[in-house]
Amino acid sequence: MIEALLPVLLPVILCAGLGFAWTRLGTPLDPIQVRTVVTSFGTPCLIFATLVKLEVSAQALATMGVTILLALALFAALGVTMLAFARLPARIYLAPLVFGNLGNLGLPLCLFAFGQVGLELGIVAFAIQSVIFFTLGAWLISGRTSPSAFLRAPQPYAVAAALAFTLTDTAPPAWLFNTTDLLAGMTIPLMLITLGISLGKLGVVRLRRTLGLGALRLALGVAVGLFLAHALALDGPARGVTIILCSMPSAVFNYLLALHFRQNPEEVASLVVATTLGAFLILPGVLFIAMS
């Protein structure tokens, strides 16, 4: 099993470690600018190039869509309960408890663990969460609705364009596929390097609270993943992808929105760092369960 886990874990750790070391060595690189490139160009191209050459059935994609929606609903319900019990503000802490790092960390793991099929299933989950995050998540953090956030996000357009070709059984023009596929190739490496850069720049405050919430989020993630895999009778890559994605740490985008709307970004950053470092500790066990 170690031989099976190392090809999945080591590329993720080494690429993220490269970004972390880059930051610690004092080399100037703005993670926000890199993340903007990934979000504006890389991610939409990855979504489009993946969805137009699907290897999994439409039923499998629909099942994964339902699964991620159920996972987000469970995380929201459990997060509200946890924060009410701890008397902590939902505007600051709920989004990091709900929205996991399906992009920077989840997609590479799904790809390395289950190949193209795992990536396709992960892309569906990532696209759905992205749409919800930039609408409901932005509303939760900012306290005000922003329909324009959905209209500005490129991911829904990438999904719609890909489905237009897929549902009509039409191949996209070669120049369009080659361009998006070329840009898609930079996305996963940049995601991992950016994750490392962010970890190198973010700090931790309120250590006791952060560690407590972080541990609960990771434990709930594994529990929700196993529950959904059993309740929905998932098997094969669908089961493994569900367990992996539910076990992901808090997404870095939670920190960026908290910073943008000035909602205690230091505390959100602390939770992102704590859950990410904790995730690397539990990933061998999570992958063992997901791949067995």
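Readers should treat all values here as calculations from the given coordinates under stated rules, not as data from a laboratory. Predicted model only: the values in this text are computed from it and were never measured. In this analysis, Cβ positions are derived from the backbone assuming ideal geometry, glycine residues included, and neighbour counts consider all displayed protein chains.
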Choice from Phe99, Phe134, Phe227 showing the highest fluctuation, given a GNM over the chain with Cα pairs closer than 10 Å:
Phe227
So for Glu55, Glu120, Glu266, Glu3, fewest C-beta neighbours within 10 Å to most, what's the order?
Glu3, Glu55, Glu266, Glu120
Per-residue Cβ contact counts at 10 Å, fewest first, order Phe177, Phe85 as Phe85, Phe177
May I ask for the distance between the Cα centers of the stretch 87-129 and the stretch 1-70, given as a whole number of Å?
9 Å
Please tell me the relative contact order of the stretch 2-291 in percent, rounded to the nearest whole number, where contacts are Cα pairs under 8 Å and at least six residues apart.
31 percent
Taking other Cβ within 10 Å of each residue's Cβ, how do Ile289, Ile128, Ile47 sort, fewest first?
Ile289, Ile128, Ile47
Using the Kirkwood radius over Cα pairs, work out the Stokes-Einstein diffusion coefficient for the stretch 1-126 at 25 °C and 0.890 mPa s, in µm²/s as a whole number.
144 µm²/s
Residue among Ala84, Ala229, Ala49 with the largest mean-square fluctuation in a Gaussian network model of the chain, springs linking Cα atoms under 10 Å
Ala84
Mind checking which helices in the chain clear 27 Å along their axis (Cα) and have mean Kyte-Doolittle hydropathy of 1.0 or more, DSSP H runs only?
2-24, 58-86, 207-231, 265-291
Viscosity 1.567 mPa s, temperature 4 °C: Stokes-Einstein D of the chain from its Kirkwood Cα radius, in µm² per second?
68 µm²/s
Using a Gaussian network for the chain with springs between C-alpha atoms less than 10 Å apart, which of these wobbles most: Gln59, Gln263, Gln129?
Gln59
Points 7 angstrom from Cα along the Cβ direction at Trp22 and Asp235: gap in nanometres?
4.3 nm
